Structures are given as structure tokens and as C-alpha cells.
Amino acid sequence: MENIEYYKKYDERYKTSHSQGIAWTGDKHSKILEKYLKDISKEQTILEIGCGEGQNALYLLKQGYNILACDVSENAICWCKNRAEQEKLNKDIFFTLDILEEKLEQKFDVIFSFSVLHMFVTNEHRDKFYKFLSNHLKKNGKAIITSMGDGEISFTSSINIDEKVSNNNITTQKLPCKIASLNEIKEEINRNGLRLKNAYISGEIQGFEKSIVVEIYRN
Ligand SMILES: C[S@@+](CC[C@H](N)C(=O)[O-])C[C@H]1O[C@@H](n2cnc3c(N)ncnc32)[C@H](O)[C@@H]1O
């Protein structure tokens, strides 16, 4: 792998896929999202971290929610803006941001992040992810985070992987990940000064057989 931060390498995957006009992930929003919408008003501010190809943010935008969505990948954000334009929606809600290195002025009532946490392999990066949540949630604000895993398995793949992965006939570099157990995730939440409200295992997250879902509050 080239010498750039491993978590930025999804960009190459999107570039390969999008150059052929194909979405890597698809365009269906996570079913799990709907479960939380009944408790969110249209006035509340929402941020999606690691929005990828935008299927969740676009769904929220169409429903009239007050959402901003970021991703470290420029190719992903370009794809999202194009999709928003095609659907005559506001493309300016999408912007590039490395949440491990950058911050926003604004704080939010709700933060969603689907299948991003497991991309952070080192403790330093994982702690930065939680710190971003704590710095960008309003008091009593809520974050809904999903991470690949069945709650029991704990596994960290090497940052230097020399394998390929295919989806929709597109083949790209396999990327490292950390599948943390639910106990590990609870420990991370505590040590970063956040409060766990609820945790469960779901099969409704696109692309993954099982995911851990955690609802986190800022104290
Ligand atoms: C497995 S994909 C999930 C994308 C999308 N949430 C979904 O459910 O389809 C992980 C995403 O996290 C993004 N990401 C990785 N590191 C990031 C960072 N430091 N800041 C913002 N986004 C990041 C990647 O570019 C990628 O789009």
C-alpha cells in the first residue's frame, strides 16, 4: 500500500468504481435509519460521518431533515454531489472532512455513522473518532454508530494487506479493519467520556451480515 493513511484508501475504491459509473455500495439507505427518525424533528441538526456514496444522507435530505454529511474521500463526495444534483436536492450539504484531523465549528443534535468505526484500526484513531463525537454533539445530543461485528468476535487486520476484494464486478484493494467486541466498544465509549444508552446486534446494515449498533450520548 502507498504511504498515505490507511483509512483514506476507500477513495481509491470509489475512484475505480465510479470511473465505470458504478456505485460501490449501492443506493439503498439503511433500514435501521427509519427506526430513529420518529424521534428526530426537522429542526434538529444532523451530521453523518463517513457518508460514502450518500444513500443515507440523500434519504434524509429527501424527507426534509436538516442534515450535513461528510466523508474523507473526495471521490465519494463528488459522487454524492452529482446524485443530489440529479435529484434536484441541495448538493452543498456534502463536504470532505477527515474527522480524525479536522473539526467543525457547529455542534449537532444527532450524529449518524454507519460502518465507519471498524475502519479505524489503531487505538489512537479510534479514540479520535469518539473525541470527534464528544466535541460535535450538543449537550444531551445523541450518536447512532454501527460497526461490523457480531458483538463477540474481536479481530484486527494488518494495515499492510496485499489482498483484493470484489463487489459489483469491481475489484479493489482490501482495506484493514478492526472488528471490536461489544465489550471493547463499551470500554472505548467510557474511556472517551461518552455514555452508552443502548447496544444491540443488527442484520439490517447494508453490506454486512451482522453489525453492532450503539446509541451514545454526550454527558
Ligand atoms: C465502509 S464505508 C461506509 C460508507 C457509508 N457510511 C455506507 O454505509 O455505505 C466507510 C467510509 O468511511 C469513510 N472514512 C474513513 N475514514 C474517514 C475519516 N477519517 N473521516 C471521514 N470519513 C472517513 C470512508 O471514506 C468510507 O466512505
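The values are calculated or read from the model by the stated rules, or taken from the named source; none is laboratory data. These figures come from a predicted structure and were not determined experimentally. Every residue, glycine as well, gets a Cβ built from its backbone with ideal geometry; the counts of neighbours run over all protein chains shown. To get the accessible areas, we keep the full protein, side chains included, count just its heavy atoms, and leave off ligands, DNA and RNA. Shrake-Rupley method; radii C 1.70, N 1.55, O 1.52, S 1.80 Å.
Laid out as a table, the results:
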read-out: Label point distance in nm, Glu152-Gln106, each placed 7 Å from Cα along Cα→Cβ; value: 4.2
read-out: Which of Tyr7, Thr25, Ile40, positive extreme of dipole for region 1-40 (C-beta unit charges); value: Ile40
read-out: Neighbour cut-off at most 15 other Cβ (10 Å), DSSP loop, GluC sites (Glu not before Pro), region 100-199; value: Glu101, Glu102, Glu105, Glu152, Glu163
read-out: Estimated FRET transfer efficiency when R0 is 22 angstrom, pair Glu204-Phe95 (beta carbons, to 0.05); value: 0.20
read-out: At most 12 other Cβ within 10 Å, DSSP loop - GluC sites (Glu not before Pro), region 1-94; value: Glu2, Glu5, Glu43, Glu87
read-out: Cα pair distances of region 27-87 binned at 10 Å [whole percent]; value: 23, 56, 21, 0
read-out: Region 71-219 - accessible surface per residue (Å², probe 1.4 Å); value: 50
read-out: Gyration tensor (Cα) of region 118-171, equivalent ellipsoid semi-axes in angstrom; value: 28, 15, 13
read-out: The chain: most fluctuating residue of Thr96, Thr122, Thr45 per GNM, C-alpha cutoff 10 Å; value: Thr122
read-out: Viscosity 1.567 mPa s, 4 °C: Kirkwood-radius Stokes-Einstein D of region 93-219 over Cα pairs, µm²/s; value: 84
read-out: Coil-residue trypsin sites (Lys or Arg not before Pro) of region 148-199, DSSP, other Cβ within 10 Å capped at 12; value: none
read-out: Orientation-averaged projected area, Cα convex hull of region 153-196 (nm²); value: 4.6
read-out: For region 22-162, the Rg and Dmax computed from alpha carbons only, in angstrom; value: 15.1, 46
read-out: About the Cα centre, charge dipole magnitude for the chain (Lys/Arg +1, Asp/Glu -1 at Cβ), debye; value: 640
read-out: Length released on extending from Asn3 to Gln44, taking residue separation times 0.36 nm less the Cα-Cα span; value: 10.8 nm
read-out: Residue-averaged 222 nm ellipticity for the chain, from DSSP H runs of 4+ at -39500 (n - 2.57), nearest 500; value: -8000 deg cm²/dmol
read-out: Carbon/sulfur fraction of accessible area - the chain, other protein chains in place, 1.4 Å, %; value: 44
read-out: Straight-distance crosslink candidates among lysines, where the alpha carbon sits under 16 Å from Lys186 and sequence neighbours closer than 8 are dropped; value: Lys128, Lys131, Lys142, Lys178, Lys197
read-out: Gap separating the Cα centres of region 88-153 and region 1-76, nearest whole Å; value: 12
read-out: Reachable aspartates and glutamates, given that their alpha-carbon falls under 19 Å from the alpha-carbon of Lys164 and they are not under 8 places away in the same chain; value: Glu2, Glu5, Asp11, Glu12
